[in-house]
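Inspection log for the structure reproduced underneath, given as structure tokens.
The values are calculated or read from the model by the stated rules, or taken from the named source; none is laboratory data. Please read these numbers as outputs of a predicted model, since none were measured by experiment. Here the Cβ is made from the backbone with ideal geometry for all residues, glycine too, and neighbour counts use every protein chain on show.
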């Protein structure tokens, strides 16, 4: 089964794209206050957050994060805040435009515009809070077994496969129409 998931993720998004999406997720967590679900990520991550290290490093290379040496944590840069604002605008536009539409119609329109379906699906869930608690996300969708360590789930093939299920039928139906 692991091999199948690896093949599916390769079809859905490459490692660089996944890293970018995980980075978007982390920027939101860093920007929120702790009472709202925000997290301060230490520079040296505990083992339960270890899968996030590569994404945090990538954000730093892109000048979206920097190290707060006094506190020993990652901090969003001005460029990071601007990128986050642009991403929020993109997600807001998606939700505003397609909130009342059927999945097949949304998929068809996104494909017509040559937009990335996985990015749209990810941003939608990221923006509306569906992905804020990844353990609850798995439980609500009936995923078994539930990965209790959210960082491991976020960076796993299983997470991206689960997101893709939401437009799987629409993509298959759309492809059938093309024949």
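A few notes on this one:
- Of all residues in the range 142-153, none satisfies being under 19 Å from residue 26 (Cβ atoms), assigned to a helix (DSSP H, G or I) and either more than 18 Å from the chain's Cα centre (by Cα) or modelled with pLDDT under 90 (or both).
- Qualifying residue in the range 118-140 (condition: assigned to a loop (DSSP other than H, G, I, E, B) and crowded, with 19+ Cβ neighbours inside 10 Å): yes
- Any hit, the range 67-74, residues being touching a residue at least 40 places away in the same chain (Cβ under 8 Å) and over 20 Å from residue 126 (Cα atoms): yes
- Among the criteria (1) in contact with a helix residue (DSSP H, G or I) (Cβ under 9 Å, 6 or more places away or on another chain); (2) in a loop (DSSP other than H, G, I, E, B), the one residue 114 does not fulfil is (1).
- Just one of the numbered conditions (1) exposed (fewer than 12 other Cβ atoms within 10 Å of the Cβ); (2) modelled with pLDDT under 95; (3) part of a loop (DSSP other than H, G, I, E, B) is not true of residue 44: (2).
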